[in-house]
Amino acid sequence: MKVLFAVAEADPFAKTGGLGDVGGSLPLAVNQGGCLMTVIMPKYKKIPASLQESMVHIADFTVNLGWRKQGSVLWATEYQGVSYYFIDNEYYFYRDDIYGYDDDKERFAFFSQGVLESILYLKDDKPDILHCNDWHTALIPVMLREHYRDNSFYRGIKTLLTVHNIKHQGIFSKELLGDLLGMREDSLGARSLKFQNAINFFKGGLLTADVISTVSPSYAREIMQPEYGEGLEDIIKKRKDSLSGILNGIDYNKYNPYTDPALTAHYPSPGWKKKNKEELQRYLKLTVEEGVPLFAIVSRLVDQKGLDLLEPIMDEILSLDLQMVVLGTGEKKYEEMFHHFACKYPSKLAAMFIFHEELARKIYGGADLLLMPSCFEPCGLAQMMAMRYGTIPLVRETGGLKDSIIPFDPDTGFGNGFTFKSYKPEELLSAMKKAVTIYRDQKAWTHLQERAMETDFSWAKSAQKYIDLYQDIMRRE
């Protein structure tokens, strides 16, 4: 069984967030589970030169987009035993960033069409299943049915579309149907894409893919509700019999407290957590105190992450016996908020508005708690990474956070973190106060750390669930 994993980003080639983490780690785990998965993605300018140098030329071909005939080059390389293919067009992908351009609609329509054309040149890797991810590749099942249904070479190829975040859908002008996608307004593909007075790439994929999935069981249930479905909840409910929720995992080799070079001391050496915390406090210019819990926020600074809950209670939070570090980039209003409070409480709050992988792991290794009060969270990976390093998550019960964090009960010792339900500042503050209280009981805290570190978020279980899903897809008519 051969699966071609079509994705906009994959670590270490290109990554902006969790999608890149999945693109870089799921294929290896699936292959280790006995299935053959290869990856295809755009050949971006920002792919490290050392990785580009290992690529070999496979083919030159033409991609038709409406009236456009765009040249493309297919490259390939192998990384950690996984075959990666790259669709190259300098006009679309030789840019400084992956997303954020006015012509993203055309760039990812080109990529989607290019994926289908490139299959002709994959030789022994012709897929049984095309596994598509988010709106960037949601056109693939639409185009497969619209443009290739009478081509015997493509007959029998099945499609899976995974929803990593339904908030971002690829909604564009309906004039693109003919101009860019080469579809008549009355065609099946066009009807699947129409959304209000526009077209919606995600909607088309959700309607035409053989099977759909999300990145956690709770998120699969949530996106059938108006408050989470972003206008597509009725489509999701219509496809509920073809919907699965599979929790993501993390790369245990990359996020490894035994060997991580970002750490000052490694698990399980005596006092390893204390040494990392002291080093982190010095690095952040916070007061070096062992008995004060250090909370961390390692996140994109956007509304989704629940940061608006913090502003009305920040003074009260920082009056508690705790410290806080913030690492991330995002909306100006949140950067300004954290900058204000860092200036007001310089010995208690440090804020760095950058994206830095090694520093993030240094924070996971040295902090005591990770704060994730998300408004919604399809899966979330930061809580899993933090727990790997003995840093306890404090999260709102939504999506993958609800599926991965069990509230700690100090009486029974059961649980691996702290949670709160209602999206209210006072609920978040109450949960933080509870965490600070339990932190003072070092026996209970040590037990909680052990419980967190023992929780298995490696890819093995999740990869097997994907393999089971692939087998189910192949059995479908």
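The values are calculated or read from the model by the stated rules, or taken from the named source; none is laboratory data. If you're wondering where the values come from, they're calculated on a predicted model, not measured in any experiment. Methodologically, a virtual Cβ is constructed for each residue, glycine included, from the backbone with ideal geometry; neighbour enumeration extends over all protein chains shown.
Is there a residue in the range 393-416 that is aromatic (F, W, Y), crowded, with 21+ Cβ neighbours inside 10 Å and over 23 Å from P27 (Cα atoms)? Yes: one or more hits.
Among residues belonging to the range 117-150 that are outside any helix (DSSP H, G or I) and hydrophobic (A, V, I, L, M, F, W, C), point out the one that is surrounded by the most Cβ atoms within 10 Å (Cβ to Cβ). That would be A138. Listed by first and then second residue, the pairs with beta-carbon distance under 9 Å, at least 6 apart or on different chains, first residue in the range 413-438 and without any contact (Cβ under 8 Å) to a residue 60 or more places away in the chain and under 21 Å from C375 (Cβ atoms), second of a type in the set (D, E, K, R) and assigned to a strand (DSSP E or B), are T419/R396; F420/R396; K421/R396; S422/R396; E427/R396; A431/R396.
To keep it simple, each residue is scored yes or no on (1) in contact with a Pro (Cβ under 9 Å, 6 or more places away or on another chain); (2) not charged (D, E, K, R).
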| residue | (1), (2) |
| --- | --- |
| Y92 | yes, yes |
| R95 | no, no |
| K105 | no, no |
| W135 | no, yes |
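Here L327 does not fit the description of being surrounded by 15 or more Cβ atoms within 10 Å (Cβ to Cβ) and touching a residue at least 40 places away in the same chain (Cβ under 8 Å). For the range 299-332, the set of residues classified as small (G, A, S), under 14 Å from A351 (Cα atoms) and not in a loop (DSSP other than H, G, I, E, B) consists of G330 only. Residues of the range 445-477 that are small (G, A, S), surrounded by 16 or more Cβ atoms within 10 Å (Cβ to Cβ) and over 19 Å from R396 (Cα atoms): S458, S462, A463.
Looking only at the range 365-402, count every residue that is assigned to a helix (DSSP H, G or I) and touching a strand residue (DSSP E or B) at 6+ places or on another chain (Cβ under 8 Å) and tell me the total.
Taking the range 365-402 first, the residues assigned to a helix (DSSP H, G or I) are 365-366, 382-388, 399-402.
Then keep just the ones that are touching a strand residue (DSSP E or B) at 6+ places or on another chain (Cβ under 8 Å); that gives 366, 382-388, 401-402.
The number of residues fulfilling the criteria is 10.
Among the residues of the range 418-470, those identified as of a type in the set (S, T, Y) and either assigned to a helix (DSSP H, G or I) or over 18 Å from A296 (Cα atoms) (or both) are S422, Y423, S430, T437, Y439, T446, T455, S458, S462, Y466, Y470.
Only residues in the range 24-41 that are more than 15 Å from L469 (Cα to Cα) and at pLDDT 95 or above count as the first member; pair them with residues that are among the acidic types (D, E) and in a helix (DSSP H, G or I), Cβ under 9 angstrom, at least 6 apart or cross-chain, and list the lot. From the range 24-41, the pairs are T38/D125. Being more than 18 Å from S213 (Cβ to Cβ) and touching a Cys at 6+ places or on another chain (Cβ under 7 Å) is a description that applies to Y423.
Yes or no: the range 221-233 includes at least one residue that is small (G, A, S) and closer than 18 Å to T137 by Cβ.
Restricting attention to the range 221-233, the residues satisfying the condition of being small (G, A, S) are 229, 231.
From what's left, closer than 18 Å to T137 by Cβ: none.
Among the residues of the range 221-233, not one is small (G, A, S) and closer than 18 Å to T137 by Cβ, which makes the answer no.
Of everything listed in (1) hydrophobic (A, V, I, L, M, F, W, C); (2) without any contact (Cβ under 8 Å) to a residue 12 or more places away in the chain; (3) in a loop (DSSP other than H, G, I, E, B), the single unmet condition for C343 is (3).
For the range 151-254, list the helices (runs of 4 or more DSSP H) that sit wholly inside it and hold at least 2 residues that are more than 30 Å from M385 (Cα to Cα) and over 22 Å from the mean Cα position of the chain (by Cα); which are they? I'd like the intermediate steps shown before the answer.
Numbers: elements: 176-179, 188-193, 201-208, 217-222, 226-229, 233-238.
Answer list for the range 151-254: 176-179, 188-193, 201-208, 233-238.
Condition test on V298, is it over 28 Å from Q449 (Cα atoms), of a type in the set (A, V, I, L, M) and in the same structural domain as Y389 (by TED's automatic domain parsing)? No; evaluated as a whole, the condition is false for this residue.
Run E335 past the list (1) touching a residue at least 40 places away in the same chain (Cβ under 8 Å); (2) in a helix (DSSP H, G or I); (3) more than 26 Å from K254 (Cα to Cα) and report the number of the one that doesn't hold. E335 satisfies all of (1) touching a residue at least 40 places away in the same chain (Cβ under 8 Å); (2) in a helix (DSSP H, G or I); (3) more than 26 Å from K254 (Cα to Cα) except (1).
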